[in-house]
Amino acid sequence: MNSIEKLVRPNVRALCPYSTARDEYQGTPGIFLDANESPYPTGFNRYPDPRQKALKARVSALKGLPAENIFLGNGSDEAIDLMFRIFCTPGQDNAVVIAPSYGMYAVAAGINDVSVREVPLGQDFALPYEALLQAADAHTKLLFLCSPNNPSGNAFDPLRLEALIKAFPGIVVLDEAYADFSAKGSLRAKVPEYPNLVVLQTFSKAYGMAGLRLGMAFASSYIISLMSMVKYPYNISQATQDAAFKALETPVDEAVREIVFQRERLSAALPSYPFVRKVYPSDANFLLVQVADADGLYQYLLDRGIIVRNRSRVRNCGGCLRITVGTPEENDKLLAILADYEKSHLR
Ligand SMILES: *Cc1c(COP(=O)(O)O)cnc(C)c1O
């Protein structure tokens with residue numbers, strides 16, 4: 001057994017996956033009397049492809065990795081949950097996470113009865129390299145990193161991340177939901193080098209398909225085969241496979257460039273408002289902004305139809321709102337309402 005196999009839960013290692021009718025039959029379409037479906041067309045009377053072959057081929061071309069290194073899930077959330085179910089024995093194993101970061105890691109851990117070791121980020125949300133290594137013990141199976149990180153917005157140095165992947169004794173799950181917006185790019189091309197690396201990406205942000213629920217994981221063919229075995233057989237609906245396949249014909253580079261441009265515009269404009277204490281540098285499509293009265297400003301914006309995320313009760317985010325970059329017109333509106341807020345507080 002190699003070092004990665006040893007990290008897998010014994011019951012999962014021993015698992016023999018459910019084989020669907022559509023797994024067993026491979027060939028040209030004929031008369032399907034194998035899956036107890038309705039023979040009458042509704043557009044959706046057939047089960048979808050459990051391996052998502054056509055969509056994976058398109059994702060493979062887009063992302064430059066073979067299909068055997070790609071998992072598609074019902075959002076990134078499915079891949080996050082699968083990490084716990086595959087690697088962590090409930091009530092026994094643990095996962096290391098950075099704080100502040102995406103809340104779903106701890107939620108999925110809790111659901112799976114896996115304890116979480118939170119390691120606070122350093123000054124200006126720096127990667128706590130040594131503390132992350134020190135947090136691991138013999139029962140640590142997973143380390144969750146998020147770069148660019150949510151809600152801080154910063155991407156970590158890729159060389160530091162690689163060093164951590166090499167040094168960490170468990171699986172490193174690197175969530176790159178916002179990598180398309182970052183000049184630091186993605187580490188998914190390193191998947192062939194590091195057998196303990198799982199990179200998560202999503203079609204929910206840069207690709208504008210949050211409503212479809214489609215996430216990706218990139219990892220060794222061994223880890224992908226475990227994920228395929230443990231997932232629900234038909235985890236991606238036919239509607240989602242078809243819609244995503246079609247949407248991926250259209251590049252998103254221009255939209256991403258516009259969002260990055262608008263991000264820089266907002267981060268240049270916001271510090272001139274006296275109630276803005278700090279705009280954190282962002283490699284993502286949102287800004288973490290520290291203001292004089294986060295609750296008050298949150299409510300003021302809400303009353304005028306602008307909904308932002310109040311992160312002021314999150315660790316190390318005191319006084320902070322998280323503002324997603326919108327269209328140029330939406331951002332204009334935001335800045336105008338902030339100017340009104342300023343005036344109304346000068347009285
Ligand atoms: C938005 C986001 C995701 C995306 O989740 P989906 O389930 O794919 O929509 C993943 N990770 C982080 C950190 C996010 O902020």
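List, please: which pairs have Cβ atoms under 6 Å, are six or more places apart or on different chains, and start with a residue in region 52-75 that is touching a residue at least 12 places away in the same chain (Cβ under 8 Å) and end with one that is open to solvent by 30 Å² or more (accessible area, probe 1.4 Å) and within 16 Å of the ligand (Cβ to nearest atom)? That search, which allows pairs on different chains as well, returns 74/213; 75/213. Residue 18 satisfies every condition listed in (1) open to solvent by less than 70 Å² (accessible area, probe 1.4 Å); (2) within 31 Å of the chain's Cα centre (by Cα) except (1).
Do you know which residues across region 210-251 are aromatic (Phe, Trp, Tyr) and either touching a Pro at 6+ places or on another chain (Cβ under 9 Å) or within 16 Å of the ligand (Cβ to nearest atom) (or both)? Spell out how you get there, then give the answer.
Pass one, region 210-251, residues aromatic (Phe, Trp, Tyr): 218, 222, 232, 234, 245.
Within region 210-251, 218, 222, 232, 234 qualify.
Taken across region 147-156, residues that are more than 14 Å from the chain's Cα centre (by Cα), more than 11 Å from the ligand (Cβ to nearest atom) and under 18 Å from residue 256 (Cα atoms) do occur, with at least one present. Does at least one position in region 21-32 carry a residue that is open to solvent by less than 60 Å² (accessible area, probe 1.4 Å), over 19 Å from residue 83 (Cβ atoms) and touching a strand residue (DSSP E or B) at 6+ places or on another chain (Cβ under 7 Å)? No. Residue check: residue 262 meets all listed conditions (1) more than 16 Å from the ligand (Cβ to nearest atom); (2) open to solvent by 20 Å² or more (accessible area, probe 1.4 Å); (3) farther than 22 Å from residue 56 by Cβ; (4) touching a residue at least 12 places away in the same chain (Cβ under 8 Å) but one, namely (2). Only helices (runs of 4 or more DSSP H) whose full extent lies in region 5-122 are considered here, and the ones with at least 2 residues that are more than 16 Å from the ligand (Cβ to nearest atom) are 10-13, 21-24, 53-63, 76-87.
Could we say that residue 207 is crowded, with 18+ Cβ neighbours inside 10 Å and within 16 Å of the ligand (Cβ to nearest atom) here? Even if it seems obvious, please write down each step before you answer.
On the way: crowded, with 18+ Cβ neighbours inside 10 Å: yes; within 16 Å of the ligand (Cβ to nearest atom): yes.
Yes, satisfied.
The values are calculated or read from the model by the stated rules, or taken from the named source; none is laboratory data. The structure displayed is predicted, hence computed values, not measured ones. Glycine gets a Cβ as well: all are built from the backbone with ideal geometry, and neighbour counts include every protein chain shown. For accessibility, only protein heavy atoms count, side chains too; no ligands or nucleic acids. Shrake-Rupley method; radii C 1.70, N 1.55, O 1.52, S 1.80 Å.
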